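Report on the following structure.
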Amino acid sequence: MTSAPYCVPVRVWDLPTRLFHWLLVAAVLGLVITGNLGGNWMSWHQRLGYAVLALLLFRMLWGLVGGRWSRFRHFVRGPGAVLDYLRGRGTAHDEVGHSPLGALSVLAMLAALAVQVGTGLISDDEIAFVGPLARFVTADTAYAATAYHKNWGKLLVLGLIALHIAAIAYYRLFRGRALLPAMLHGDKPLPPDTPASADGWRQRLLALGVAAACVAATLAVVNLGNP
């Protein structure tokens, strides 16, 4: 009889990654609510859009310098690796952070949100909202961006969110793996030889510096629209 592999808590998601995740969840939820309410709530919709821009910039940079399992090079895989994973022939590390299939979901969400923020920056609905960069594009481009932002772009983001939630439920109900706890406390029960993500004070101070730079970059982009 083969015994189950010995596992210990291993830090997979560093604190900056976890904060990014939950701040993004809160911001996107706020965007959906304020966008549907409209009217005076659009000023908050705009502010939350700027927050998502800063968060996306942070995630892109943190994907280069963050904890091991938050770095793109440790979870973004090619088509062959995705097919092997789907056929049950993946590597031992495929389930540590984002799986090869989960990585596609992450990239799709980041891309969809980036396009949504970009179209919001140049939107003009001629009623309650004008993006700060709308003056740099033609009226036709601004109206097209508005139409995408309010319709297809919104539906795409909501669809990806639904897919993300469905995947979490699938892993919990059919594969016996709870994915959410690790995004709360950072650790997963894994074999003791699994490399951990750095998550000390040095890493967190680096994250603060990166976050400050992303906020400054966001403010610079927004202020481009000021005459």
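Every read-out reported here was derived from the displayed coordinates using simple, explicitly stated rules and does not represent laboratory data. All figures in this text were calculated on a predicted structure; none of them were measured in a lab. Note: ideal-geometry Cβ built from the backbone for every residue, glycine included; neighbour counts use all protein chains shown.
In plain terms, the residue of GLU126, GLU95 with the fewest other Cβ atoms within 10 Å comes first and the most crowded comes last, giving GLU126, GLU95. Considering only GLY176, GLY118, GLY49, the Gaussian network model of the chain with Cα springs below 10 Å gives its largest mean-square fluctuation to GLY176. Taking 14 Å as the cut-off, the amide N atoms of segment 14-29 that come nearer than this to a point 7 Å along the Cα-to-beta-carbon line of ILE165 belong to 25-26, 28-29. Per-residue ellipticity at 222 nm from helix content only, as computed over the chain with -39500 (n - 2.57) for each DSSP H run of at least four residues, stands at -21000 deg cm²/dmol.
Using the Karplus relation 6.51 cos²θ - 1.76 cosθ + 1.60 with θ = phi - 60°, the per-residue 3J(HN,Hα) values for segment 167-183 come to 5, 4, 5, 4, 4, 6, 7, 10, 10, x, 10, 8, 8, 5, x, 5, 7 Hz, with x marking Gly and Pro. Residues HIS45, HIS164 in ascending order of nearby Cβ atoms (within 10 Å, fewest first): HIS164, HIS45. When you filter the trypsin sites (Lys or Arg not before Pro) in segment 55-164 for DSSP loop state and at most 13 other Cβ atoms inside 10 Å of their Cβ, you are left with ARG87, ARG89. Mean sequence separation of contacting Cα pairs (under 8 Å, at least six apart), scaled by the length of the chain, corresponds to a relative contact order of 35 percent. The long axis of helix 42-65 is offset from the longest Cα principal axis of the chain by roughly 40 degrees.
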